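*Asks:* Sharing a structure, written as structure tokens. Questions coming.
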Amino acid sequence: MENLISIFLNSVFLGNILLAYFLGMCSFLAISRNLDTAIGLGLAVTFVLSITTPANWLIYYYLLAPGALEWAGLPGIDLGFLKFIIFIAVIAAIVQALEMIIDRYSPPLYTALGVFLPLIAVNCAILGTSLFMVERNYNFIESVVFGASSGMGWMLAIVTMAGIRKKLRYANVPAGLEGFGISMIIAGLMAMAFMLFSGITL
Amino acid sequence: MKITRTKAFKVFFTPIWESNPVSGQILGICSALAVTVQLKTAIVMGLALTFVLAFSNLSISLMRNLIPRNIRIIIELTVIATLVIFADQVLKAFLYDISKQLSIFVGLIITNCIILGRAETYALGNPPFLSLLDGIGNGLGYSQILITVAVLRELLGAGKLFGFQVIPDAFYAAGYVNMGFMVLAPGAFIAIGLIVWVQKTVSKE
């Protein structure tokens, strides 16, 4: 249990996938102009991450990892090198399926999240979380917690950023720094603030 | 006709400075930030991306008349993912230490917006040779930003370049201290922000 709480705190604050590992920057910069869309995209990312990370865990440890095909009588096979292409295909398929399911069963949720779902398939945060999950040897339960809390960390960062950008409209930014430049510097300051959590250990 | 006026020359050199993929078009910054703590990893990452981008542009351009429009994204992703797997295996075989340091960021070349962006906007509508040049040009433009950020971060953060100490001992003896901040994540954000500022100001004149 302590282990899970520590994974949660670490992936929301200290090891925030956006501010410490720079994943999902493209949509972070493009979408954070508006608070409502930022919240929508954040929720969509959290939702997709909590499903794709465990799904990729199952696929990796039952099909791709060295010796994973033992149940099929093929213990000597290592398909680990295929993980990039399989993971991206799984993510694209799950996102597509989710879009159809949500559209069928929950139209209000679809209007809130629908537009963001196709964007998410190529968001590096989603693929990156699955690859981190493999690299850090998480077990199944840990991968569920890791997926969900990474999504929450990403959402926290993008919503904060959208809030700051709203205030920024009234600020007097030097000419060359407007837009992309100042966003990067704000992200840097936010990353610094998040690093203050580094004292937390369990 | 002078060489600087040919179309191929333009295709090759515009992305290196004027419409640089990272600072001009804001694409592919994810990995640009994460691998720039050291110059070594930045150069390897730049080469890997240039390789993938050049060959994905080339092969997609060769197939551009065969790809059905509505499944083009999947085809593009498959081509890119195959090239990335190739690059990853080569790095693991010949540069194992650097491949460990780059960790997941080689794999993330797949979702790097530069590659899909160039395939969509350029390779699908242009002949193979120009697409190859466009790929190499954009790859080099990306590498150039990566290397600039990495030089800043390694020099200011650790006083080294390529792992060799550059700042003389006399400086440290006189009280110079490495800026540990540059090695951490926030340093990368701020370094990129400042580079974009310089580039925008210079190219405006």
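*Asks:* What stretch of chain A, leaving out the sites themselves, is the longest with no trypsin sites (Lys or Arg not before Pro) in a DSSP loop having at most 15 other Cβ atoms within 10 Å?
*Replies:* A:34-135
*Asks:* I need the calculated FRET efficiency for the pair A:Met1 and A:Glu178, taking r as the beta carbon distance and R₀ as 51 Å, to the nearest 0.05.
*Replies:* That pair, A:Met1 with A:Glu178, gives E of 0.60.
*Asks:* How large is ³J(HN,Hα) for each residue in the range B:181-196, as worked out from phi by the Karplus curve 6.51 cos²θ - 1.76 cosθ + 1.60 (θ = phi - 60°), to whole Hz, x for Gly and Pro?
*Replies:* Couplings: 4, 5, 6, 7, 4, x, x, 5, 4, 5, 4, 5, x, 5, 4, 4 Hz.
*Asks:* Which FRET efficiency value, to the nearest 0.05, do you get for B:Arg72 and A:Leu168 by plugging their Cβ-Cβ distance into 1/(1 + (r/R0)^6) with R0 = 41 Å?
*Replies:* About 0.65, to the nearest 0.05.
*Asks:* Using all Cα-Cα distances in the protein assembly as shown, what percent lands in each 20 angstrom bin from 0 up to the longest?
*Replies:* The distribution over the protein assembly as shown is 25, 59, 15, 1, given as percents.
*Asks:* So what are the ³J(HN,Hα) numbers for the range A:134-151, from phi and the Karplus equation (6.51, -1.76, 1.60; θ = phi - 60°), rounded to whole Hz, Gly and Pro as x?
*Replies:* Computed from phi, the couplings for the range A:134-151 are 6, 5, 8, 6, 6, 8, 4, 4, 4, 5, 5, 4, 4, x, 5, 6, 4, x Hz.
*Asks:* If you don't mind, another one. Report the one residue of A:Met133, A:Leu35, A:Leu79 whose Cα lies farthest in the direction of the positive end of the charge dipole of chain A (charges on C-beta: Lys and Arg +1, Asp and Glu -1; origin at the Cα centre).
*Replies:* Farthest along the dipole direction, towards plus: A:Leu35.
*Asks:* How large is the dipole of the protein assembly as shown about the Cα centre if only Lys and Arg carry +1 and Asp and Glu carry -1, each at its Cβ, rounded to the nearest 20 debye?
*Replies:* 1100 debye
*Asks:* If you average 1/r over all unlike Cα pairs in chain A and invert the result, what Kirkwood radius do you get in angstrom?
*Replies:* Evaluated on chain A, it is 18.0 Å.
*Asks:* Further, regarding this structure: Averaged across B:110-117, how many Cβ atoms of other chains sit within 10 Å of each residue's Cβ atom?
*Replies:* 4
*Asks:* Right, another one. Hey, got the average number of other protein chain Cβ atoms within 10 angstrom for residues in A:85-94?
*Replies:* Numbers: counts 9, 1, 3, 9, 4, 0, 1, 3, 0, 0.
That average works out to 3.
*Asks:* Lysine pairs in the protein assembly as shown 8 or more apart or on different chains: how many have alpha carbons under 25 angstrom apart?
*Replies:* The number of close lysine pairs in the protein assembly as shown is 14.
*Asks:* Next question, about the same structure. For peptide A:171-178, how many partner chain Cβ atoms fall within 10 Å of a residue's Cβ, on average?
*Replies:* What the average comes to for A:171-178 is 3.
*Asks:* In the range B:32-173, if the dipole is taken from +1 on Lys/Arg beta carbons and -1 on Asp/Glu beta carbons about the Cα centre, which of B:Ala81, B:Val37, B:Tyr96 is farthest to the positive end?
*Replies:* Checking the options against the dipole of the range B:32-173, the answer is B:Ala81.
*Asks:* Hey, what number do you get for chain B at 222 nm if only DSSP H runs of n ≥ 4 count, each worth -39500 (n - 2.57), divided across all residues, to the nearest 500? Spell out each step's value before the answer.
*Replies:* Numbers: 9 runs with 132 residues, N = 205.
Theoretical 222 nm ellipticity from helices: -21000 deg cm²/dmol.
*Asks:* Give me the angle, in degrees from 0 to 90, between the Cα long axis of helix B:128-158 and the longest principal axis of the Cα atoms of chain B, rounded to the nearest 10.
*Replies:* 10 degrees
*Asks:* Would you grab the residues whose amide H sits under 5 Å from the one on B:Leu161? Only those 5+ places off in sequence or on another chain, please, with H modelled 1.01 Å from N.
*Replies:* B:Val166
*Asks:* Bin all alpha-carbon pair distances of chain B at 5 Å intervals from 0 and give each bin's fraction as a whole percent.
*Replies:* 1, 8, 14, 17, 17, 15, 11, 8, 4, 2, 1, 0, 0, 0
*Asks:* While we're looking at this one, here's another question. Tabulate in residue order the Karplus-calculated ³J(HN,Hα) for the range B:64-75, using 6.51 cos²θ - 1.76 cosθ + 1.60 with θ = phi - 60°, rounded to whole Hz; enter x for Gly and Pro.
*Replies:* 4, 8, 9, 7, x, 4, 6, 10, 5, 4, 5, 5
All of the numbers you see were taken from the coordinates with simple rules; none came from a lab. Nothing here was measured: the structure is a model prediction, and the numbers come from that model. Every residue, glycine as well, gets a Cβ built from its backbone with ideal geometry; the counts of neighbours run over all protein chains shown.
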